[in-house]
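Here is the structure we will look at, set down as structure tokens.
The values are calculated or read from the model by the stated rules, or taken from the named source; none is laboratory data. What you see is a predicted model, and the numbers here were worked out from it, not measured in a lab. Here the Cβ positions follow ideal geometry from the backbone for every residue, glycine too, while neighbour counts run over all protein chains shown. Note: accessible area is taken over every heavy atom of the protein model, side chains too, but ligands, DNA and RNA are not part of it. Shrake-Rupley method; radii C 1.70, N 1.55, O 1.52, S 1.80 Å.
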Amino acid sequence: MEARRSKCYQSLDMSGDNLEAQPERHSSRILKPCVLLLTCLVSVLLVFLVGTHRTPSWELLRPVGAVAGIGRKNSSSEAPNDRLLGGLLSPEFDDKSCLSRYQSMLYRKASPHAPSPHLVRRLREYEALHKKCAPNTDLYSKSIEQLKSGRSDGPMECNYVVWIPHNGLGNRVLTIVSSFLYALLNNKVLLVHIPSDFTDLLCEPFPGTSWALPSDFPVHNFLDFDTGTPQSYGNMLRDKVIDDEMLSGSSNATLPAYVYLHLPWYYDQWDKLFFCGDAQRMLRRIPWLLLKSDHYFVPSLFLLQEYEEELRQLFPERATTFHHLVRYLVHPTNAVWDYVTKYYRAHLAAADETLGIQIRVFHNFPVPFESMLRQVINCSLSEGILPAVNLQEWAAPASKTDAKVKAVLVASLFSGYAERIRDMYAKHPTTTGEVVRVHQPSHEEQQHTEQRGHNIKALAEVELLSFSDALITSAWSTFGYVAQGLGGLQPWILLRHTQSDLPCRQAMSSEPCYLMPPPFPFPSSHCSKDHGDAGEAAAATQYVRQCEDELGGIKVFD
């Protein structure tokens, strides 16, 4: 009998599959050649696939265990399987090199906002420009030679904005997006300095090229640039290194080789003159701009008449600016994405609904733990985000298998908030019969932006928060801004107790707040007479207004 094994099973044994060999049956009617058997199997499979999936579906490529709760609300401008986000993303990438680029849409609520055709076209044009001008090209080398000369006669074929990192992950993402939009508006190429604590966190966003600033960049000390740097725009304007002839756009003016744009929260009145129209016209002619900021300064660009028409075409829905650009630029590397998806499958995928809670208490505005906890709970209960509990009863062991499950993801440096919320729902039953499960990926106790491991966890938690159905964030938190932008979510903002007696207020959109803007509207007396009335346009002030979470901040509205 052993000598008469089927050749088909022999071939499987030889290939390494440990299948038990089966004896042939003594029936001439059922003895068939292996080829015929395999052909039949393939045919049946093809019939099944054609009948069941008449069109190719991205659903088939979803990670195992990640189907539940993904794409739950598809009433949007994006098709459920639109991996290119309505044309926002380029199809010219190798999928495996950056899995998050085309998979993240499977985990988030479908966006109701489509990118404009003009934005899609301009992004493809920018990608071509970046590829032409990227490091290791002849045109880049030519621009570097001009930079080394110490002077400039005007713009070159390739002109650049160099992003300088400053402060934490949330600040960095906001300023990368702001710097990219500024480069896009001025036909410049964005290059980013990637320090060791930021290495291998984000995928390259532009196909066939790199946005990383080479280590041999000839301005060696740019990481030390700050308020006292002589090459800053504000200081050169104050010291009259930049004169009226330069500002007027005279072709006879000799321009500096580069200008440092100092735009962090502690910038002074001279630095803020960057937001004048004449400054923008002059800076457009400078081949190299080195930019440092820690805030989302896009709202002030909307106040400049220089950019009003182009921004209107790029973003007909103005309050989707960050939502589109952050999804275009920010894609975690495979190492970070693996952390994200494993945590999601282990803790969130089976839930019917997910609530993200992001809690940040600032050192310069301390809030007692119990006060902050009370505010979080009051917000989630009063807005119906989480179910109330019956304090008169003790929770019984879970027995209902059909109970609705709400997963709560807490992002905080401290573990106490998640522990107390978890205890509340573990000890008492909800009034709705829902089951609430509370999870917290990490609690670092202190922020360590200088540590790459800390930044990996921060980026992963931003991504996980963006998968939420509803989101609660802390006022002034750039971390929360990034999460709400990626997810296209209108968060409930935990207000400072000096602002309102309400525990929270829902944002009008997913746009971040520019927390430390120049005076709004920007006084014309601060700029030269022919500056183009930056900030004075009545139309502009209709869609740039005060933020919900910051008395002095501004944001873009529709």
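Below are the figures for this structure:
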{"item": "Odd one out for R374, checked against (1) assigned to a helix (DSSP H, G or I); (2) within 27 Å of M105 (Cβ to Cβ); (3) basic (K, R)", "result": "(2)"}
{"item": "Pick from region 127-152, criterion within 15 Å of V189 (Cα to Cα) and part of a loop (DSSP other than H, G, I, E, B), ranking: most open to solvent (accessible area, probe 1.4 Å)", "result": "N136"}
{"item": "G532 being modelled with pLDDT under 95, open to solvent by 10 Å² or more (accessible area, probe 1.4 Å) and under 19 Å from the mean Cα position of the chain (by Cα)", "result": "no"}
{"item": "Residue in region 340-354 that is most open to solvent (accessible area, probe 1.4 Å), counting only those that are of a type in the set (A, V, I, L, M, F, W, C) and more than 13 Å from S466 (Cβ to Cβ)", "result": "A350"}
{"item": "Matching option when the condition is free of Cβ contacts under 8 Å to residues at least 60 places away in the same chain and over 23 Å from E548 (Cβ atoms), among V410, V438", "result": "V438"}
{"item": "Region 87-110 - residue that is part of a loop (DSSP other than H, G, I, E, B) and acidic (D, E) and, of those, surrounded by the fewest Cβ atoms within 10 Å (Cβ to Cβ)", "result": "D94"}
{"item": "Filter result (open to solvent by 30 Å² or more (accessible area, probe 1.4 Å) and in a loop (DSSP other than H, G, I, E, B)) within region 181-207", "result": "N187, H193, I194, T199, D200, E204"}
{"item": "Unique match (being on the phi < 0 side of the Ramachandran plot, in contact with a helix residue (DSSP H, G or I) (Cβ under 8 Å, 6 or more places away or on another chain) and in contact (Cβ under 8 Å) with a residue 24 or more places away in the chain) among D226, D278", "result": "D278"}
{"item": "Matching residues, region 377-416, being outside any loop (DSSP other than H, G, I, E, B) and in contact with a Cys (Cβ under 9 Å, 6 or more places away or on another chain)", "result": "N378, C379, S380, S382"}
{"item": "Candidate set from region 218-247 (those that are over 32 Å from the mean Cα position of the chain (by Cα) and among the aliphatic types (A, V, I, L, M)); member that is farthest from D271 (Cα to Cα)", "result": "M246"}
{"item": "Number of the exception - T498 against (1) at pLDDT 85 or above; (2) out of contact with any helix residue (DSSP H, G or I) (no Cβ under 8 Å at 6 or more places or on another chain)", "result": "(1)"}
{"item": "Residue satisfying all of: in region 111-125; open to solvent by 10 Å² or more (accessible area, probe 1.4 Å) and part of a helix (DSSP H, G or I); nearest to V326 (Cα to Cα) among these", "result": "V120"}
{"item": "Among (1) closer than 27 Å to S468 by Cα; (2) touching a strand residue (DSSP E or B) at 6+ places or on another chain (Cβ under 6 Å), the one test that S293 misses", "result": "(1)"}
{"item": "Count of residues meeting criterion [among the hydroxyl-bearing types (S, T, Y) and under 22 Å from L129 (Cβ atoms)] in region 194-227", "result": "2"}
{"item": "Unique residue being open to solvent by 20 Å² or more (accessible area, probe 1.4 Å) and without any contact (Cβ under 8 Å) to a residue 12 or more places away in the chain when the list is S215, S210", "result": "S215"}
{"item": "Residue check for P155: open to solvent by 50 Å² or more (accessible area, probe 1.4 Å), assigned by the TED database to the domain that holds H295 and either part of a loop (DSSP other than H, G, I, E, B) or within 30 Å of G480 (Cα to Cα) (or both)", "result": "yes"}
{"item": "Residue match in region 301-314 (condition: under 29 Å from T254 (Cβ atoms), touching a residue at least 12 places away in the same chain (Cβ under 8 Å), among the hydroxyl-bearing types (S, T, Y) and crowded, with 22+ Cβ neighbours inside 10 Å)", "result": "no"}
{"item": "Every residue from region 222-256 that is over 17 Å from S152 (Cα atoms), open to solvent by less than 80 Å² (accessible area, probe 1.4 Å) and part of a loop (DSSP other than H, G, I, E, B)", "result": "F225, D226, T227, G228, T229"}
{"item": "Any hit, region 115-133, residues being basic (K, R), within 25 Å of the chain's Cα centre (by Cα), outside the structural domain of F225 (by the TED database) and over 23 Å from A257 (Cα atoms)", "result": "no"}
